[in-house]
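The values are calculated or read from the model by the stated rules, or taken from the named source; none is laboratory data. Computed from a predicted model, the values in this text were never measured in an experiment. Note that each Cβ is placed from the backbone with ideal geometry, even for glycine, and that neighbours are counted across all protein chains shown.
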Amino acid sequence: MKQYGKQNRRAAGAAGEELAASVLRAEGYEIVCRNFRNRLGEIDIIAREGGFLVFIEVKYRKGSGAGDPLEAVGWEKQRIICRMAGIYMSMQRMREDTPCRFDVVSVTDHQVRILRSAFEFHL
């Protein structure tokens, strides 16, 4: 029974990411990569917007009982995203001074919110 619940959460998370991608496109983001991952972690969406390469974490919550999704991107998750951003840029042979930022998209049953520049780069 636990496996069934896990599959439902994955499906809901994937649907949340799809909705987030649609809203990001409507806001002018050009999505260049989805679900960039390796053994160290994952970045949900990588996009370009306003001259920036943007690394985006999508957080989905079915209801408000689990708290604001924006609060779910703690220091450890930020560290993983930053490390993965460096790996992505290295793999793409991008310059270290490429303008980047880290956004978080909150998806709930009621709304999609984009928090631009949600956190700074750190390792």
Of the residues that make up region 26-44, is at least one surrounded by 21 or more Cβ atoms within 10 Å (Cβ to Cβ) and β-branched (Val, Ile, Thr)?
yes
Filtered residue count, region 91-121, keeping only those that are under 20 Å from Lys59 (Cβ atoms) and exposed (fewer than 10 other Cβ atoms within 10 Å of the Cβ)
3
Here is a list: Leu24, Leu70, Leu115. Which entry is modelled with pLDDT under 95, assigned to a helix (DSSP H, G or I) and not charged (D, E, K, R)?
Leu70
